[in-house]
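Right, one structure below, let's go through it.
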Amino acid sequence: MFNFLQTKNPSCSLDLGSTWAKTVRLARKGREPQLDRVARIVWSAAEHKDFQSKGRRIKEAWGQLGLKDKSVISSLAGHSVIVKRVFLEKSDSGDLESKINEEAGQYIPFDISDVHLDYHILEPDPESENQEVILVATKKKVVQDLTQVMDHSGLGLSIVDVDAFALSNCFEFNYPELTEKPAYLLDIGGQHSMFAVFWKNQPLFFREMSFGGKQLTDVIASALEVDTSRAEALKLQGPDALSNQDKNRINSECGKVLRTWASEIKRLVSFYQTSVPAVKQAAILQLSGGGSLFQSVGSILEEELQLETRHMDPWKKVEIKSNDFDLKYLESIKPQFCVPTGLALRGFI
């Protein structure tokens, strides 16, 4: 189950966010993926904390979608996952595996008996005496909680992945022409966001950031004195129907929030540049996540960071049958589906 970095098995994903659950199912057309199902489920903060409620909502959605999959790929993020890049003395694969298991404890800030551990050996440098390895660990309790949600939904877990790896998989699959140069990826979720640097076919660096789209929703709700559901709709769909005065108020207040986000990203980029060998500056910031749909996000981050910003298209190289989907609807939700698509792509990359 805990093959965080291997790339095989089923093509149905379930991404359990703080505000939305999102699922993507990819079918095979020869060796290429074809979009088969896509759906999202919104839940309240109370439902998000209740395993049984979440499981019931997922089960209902599975029935409405006619999905037969009983096993899904899901993922973890944030402080529940520890990822470390370590260097160990080169040896044959058997000795290296033993060394990893013996020495993992010094890199993982938890009791090693309380975690699930996986690792991936990176391409060796022929001029180095050491071998670079990515260690991935999560507390068993975190996976147990995820399993409980699945139990209530009638589903099983085939693979537990990491959000940053899934986002990177989505980018690598859809933008192979951009992988030779460093790219910054920013997925803006409801409560948290994830910043990653992708270079040379791997996520070179990533961090979770403590801002998310809910901040914008709360600012809009406060500025216009409307409830959060109305504010969320204005965030996602744009404030075009509002008066110029209200538009200006929203843009001003949200602009302040977005500039603080840019400052945090600048600090993180600076840290990355001083901590990663052979560092290079990226020229493009690829945006994803529901929080990135607010109309000013791209322009303000572009201005503040002096980077070109683009929205990542999770289905750029995935076949979509126009008769099977409302293409206008798919276009409007694309940025929200980069992580779940990256999970579903595990069987194709």
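The values are calculated or read from the model by the stated rules, or taken from the named source; none is laboratory data. These figures come from a predicted structure and were not determined experimentally. Neighbour counts are summed over all protein chains in view; Cβ atoms, including those assigned to glycine, are modelled from backbone coordinates with ideal geometry. With ligands, DNA and RNA removed, areas are computed over all heavy atoms of the protein, side chains included. Shrake-Rupley method; radii C 1.70, N 1.55, O 1.52, S 1.80 Å.
Taking the criterion of being of a type in the set (A, V, I, L, M) and crowded, with 18+ Cβ neighbours inside 10 Å, would at least one residue in segment 271-280 satisfy it? I'd like the intermediate steps shown before the answer.
Just the residues of segment 271-280 that are of a type in the set (A, V, I, L, M), to begin with: 276, 278-279.
Now drop any that are not crowded, with 18+ Cβ neighbours inside 10 Å, which leaves none.
Scanning segment 271-280, I find no residue that is of a type in the set (A, V, I, L, M) and crowded, with 18+ Cβ neighbours inside 10 Å, so the answer is no.
Residue count for segment 290-348 satisfying the condition of being more than 21 Å from VAL269 (Cβ to Cβ), of a type in the set (A, V, I, L, M) and under 17 Å from the mean Cα position of the chain (by Cα): 6.
Within the set ILE121, ILE82, ILE108, ILE100, the sole residue that is open to solvent by 20 Å² or more (accessible area, probe 1.4 Å) and either farther than 28 Å from HIS311 by Cα or among the aromatic types (Phe, Trp, Tyr) (or both) turns out to be ILE121.
Going through segment 299-311 one residue at a time, which ones are surrounded by 18 or more Cβ atoms within 10 Å (Cβ to Cβ) and either in contact with a Lys or Arg (Cβ under 8 Å, 6 or more places away or on another chain) or part of a helix (DSSP H, G or I) (or both)? ILE300, LEU301, LEU305 - these are the residues of segment 299-311 that are surrounded by 18 or more Cβ atoms within 10 Å (Cβ to Cβ) and either in contact with a Lys or Arg (Cβ under 8 Å, 6 or more places away or on another chain) or part of a helix (DSSP H, G or I) (or both). The criterion of at least 1 residues that are under 23 Å from TRP315 (Cα atoms) is met by the following helices (runs of 4 or more DSSP H) wholly inside segment 174-291: 213-224, 228-237.
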